[in-house]
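Laboratory data are not the source of any read-out in this text; all were calculated from the coordinates shown. Because the structure is predicted, anything quoted here is derived from the model rather than measured. Every residue, glycine among them, receives a Cβ derived from its backbone with ideal geometry; neighbour counts consider all protein chains shown.
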Amino acid sequence: MNPRLTDWSGKRVWLLGASTGIGAALAGQLLARGARVALSARNTARLTEVAADAGHALVLPCDAADEASLRAAWDALLAAWGGVDVALYVAGDYVPMRAWELDTATARRMIDVNLVGAVTFAACVVPQLLRQGNGQIGFVASVAGYRGLPKSLIYGPTKAALINFAEALYLDLRPQGIGVRVINPGFVATPLTAQNDFAMPALLTAEQAALATLAGFAGGAFEIHYPKRFTRVLKLLAHLPYRLYFPLVRRLGGASGRPR
């Protein structure tokens, strides 16, 4: 379905969301494998730490939720490298939220980072990949996008939309020689998931998630999901009729909580 990518040596990679979590771990792995990595996020100091002494790293700070900032980073990358071979959107925002906690400002920030930023990212990268006639673009979504889950009132829908967006991109771009990937992790230990006050089954480290992501690029699948022992359960649940799905998820996920 997609070109297999096993040799990252010399590949020009733009990694947006590289300061912490999966993004930072991916940056380290890619740099160790000889890729030329452009690192973007808001935290310049953290990006510099991730880049360390790697001569093939380029630090390009930007805010994924700010279109002008994101496009300025892309312009700087074009000026430095002329383009990319692989573009990965790893930026994400997450705030656990229930119906009685719905806050529009918080919701808007998640929508802007998780979805609107990804669209802007694609709008920057896709024309260059089409001119080049090859390359790949990928987006880190989440298994939370498979179906509605407790405490995922806004986060889940943004990831569902991102999955749908990646699917539509694949239909348009794969016939043009461009690979499109969507990465759907389960629970990964990051500063964002540290907010959770519930048990997280099959929790992975960011390093494990990065390795699983690169293993996915070595295959041709559109979707990279991990850990399989957890994501396969979520996929099964997603196919249940609502009369079975809702009661089961309430029991498993504590959806019966009440506002205080």
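Where is the GNM fluctuation largest for the chain (alpha-carbon springs, 10 angstrom cutoff): PRO96, PRO127, PRO61?
PRO127
Translational diffusion coefficient, Stokes-Einstein: compute it for region 12-235 using the Kirkwood radius over C-alpha pairs as Rh, at 10 °C and 1.306 mPa s, and state it as an integer in µm² s⁻¹.
Answer, rounded: 91 µm²/s.
Could you list which residues have their amide H under 5 Å from that of ASP93, counting only those 5 or more apart in sequence or on another chain, with H placed in the peptide plane?
It is ASN114, by chain and number.
Under unit Cβ charges (Lys, Arg +1; Asp, Glu -1), what dipole magnitude, rounded to 20 debye, does the chain have relative to its Cα centre? Mind showing how you got there, number by number?
Numbers: 26 positive and 17 negative charges, 205 e Å.
Charge dipole of the chain: 980 debye, to the nearest 20.
What's the lysine pair count for the chain at a Cα cut-off below 26 Å, pairs eight or more apart or interchain?
For the chain, qualifying lysine pairs total 5.
Tilt of helix 21-32 relative to the longest C-alpha principal axis of the chain, in degrees (0 to 90, nearest 10)?
In the chain, helix 21-32 runs at an angle near 30 degrees to the longest axis.
Between region 161-214 and region 9-84, what's the alpha-carbon centroid distance in Å?
Cα centroid to Cα centroid, the span is 18 Å.
Could you give each residue of region 38-44 its phi-based ³J(HN,Hα) in whole Hz, using Karplus coefficients 6.51, -1.76, 1.60 with θ = phi - 60°, and x for Gly or Pro?
Once rounded to whole Hz, the list reads 8, 9, 10, 4, 7, 8, 4.
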